[in-house]
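Peer 1: For reference, the structure I am asking about is given below.
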Amino acid sequence: MKNILILALSLLFLGNSQAQTQKNKNKKAMEKQTIYQFKVQDLSGKEFDFASLKGKKILMVNTASQCGLTPQYKELEALYKKYKSKNFVIVGFPANNFGAQEPGTNAEIATFCQKNFGVTFPMMSKISVKGKDIHKVYQFLTQKSKNGLKDSEVEWNFQKYLINEKGQLEKVISPQVLPTDASIVNWING
């Protein structure tokens, strides 16, 4: 009888310990991560460390050179020039996930952006923003379990993600919303 009681208490203790361990894992998984954990390659192949942007507001956008929304590059560049001295940066991620509208190489994309829109904001190497091969940065942006805010799906080219000064996702903006829209400008100024 004594052995049965000891066994029962041991199983109860072990079960509670495992439940607490799982609870701690779940809590940690739901804690907001930040964009600062990521390092990526820019269009020229140099490492870009998001930790270098600490204290800045960041607008992240997936781009494409042959999209009906491609003229947004002009407004993105204007927004960047106007606010870059106010702790604001835009980071572009070319992606070929929608209608094969970004078929170019990194070098071709860089030339296109400079020649047609005078882009000076940081542009990263081409990545995938959805599907089986979704890049880790976009896993962070689209999965609540990683960003702590919400699940989302990249709808199309030029979807915007607003990251606050602490590196946390704050808002997701539809591709059709122009970069100069009041919702974005007010966020930058807020």
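Here is a yes/no grid of residues against (1) among the hydroxyl-bearing types (Ser, Thr, Tyr); (2) on the phi > 0 side of the Ramachandran plot; (3) part of a loop (DSSP other than H, G, I, E, B):
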residue	(1), (2), (3)
Ala107	no, no, no
Lys115	no, no, no
Gly131	no, yes, yes
Gln139	no, no, no
Val154	no, no, yes
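Peer 1: Looking at the stretch 45-71, I want the residues that are over 12 Å from Pro122 (Cβ atoms) and have a partner that is of a type in the set (Ser, Thr, Tyr) and surrounded by fewer than 18 Cβ atoms within 10 Å (Cβ to Cβ) with Cβ atoms under 8 Å, at least 6 apart or on another chain. Which pairs are those?
Peer 2: Ala51/Tyr36; Lys54/Tyr36
Peer 1: Continuing with this model, one more query. With respect to Tyr138, determine if the residue is assigned by TED's automatic domain parsing to the domain that holds Val177, out of contact with any Phe, Trp or Tyr (no Cβ under 6 Å at 6 or more places or on another chain), aromatic (Phe, Trp, Tyr) and at pLDDT 95 or above. Lay out the reasoning, then the answer.
Peer 2: Values: assigned by TED's automatic domain parsing to the domain that holds Val177: yes; out of contact with any Phe, Trp or Tyr (no Cβ under 6 Å at 6 or more places or on another chain): yes; aromatic (Phe, Trp, Tyr): yes; at pLDDT 95 or above: yes.
Criteria met by Tyr138.
Peer 1: Let me ask something else. Tell me, which residue of the stretch 152-170 that is surrounded by fewer than 22 Cβ atoms within 10 Å (Cβ to Cβ) and within 12 Å of the chain's Cα centre (by Cα) is nearest to Ala100 (Cα to Cα)?
Peer 2: Here is the first cut: in the stretch 152-170, the residues surrounded by fewer than 22 Cβ atoms within 10 Å (Cβ to Cβ) are 152-153, 155-156, 162, 164-168, 170.
Subset that is within 12 Å of the chain's Cα centre (by Cα): 152-153, 162, 164, 167-168, 170.
Details: Ser152: 21, Glu153: 18, Leu162: 25, Asn164: 31, Gly167: 31, Gln168: 30, Glu170: 29 Å.
Among them, the one singled out is Glu153.
Peer 1: Another question, if that's okay. Quick one: would you say Gly92 is in a strand (DSSP E or B), touching a residue at least 24 places away in the same chain (Cβ under 8 Å) and either surrounded by 15 or more Cβ atoms within 10 Å (Cβ to Cβ) or not assigned by TED's automatic domain parsing to the domain that holds Thr63 (or both)?
Peer 2: yes
The values are calculated or read from the model by the stated rules, or taken from the named source; none is laboratory data. Predicted model only: the values in this text are computed from it and were never measured. Glycine gets a Cβ as well: all are built from the backbone with ideal geometry, and neighbour counts include every protein chain shown.
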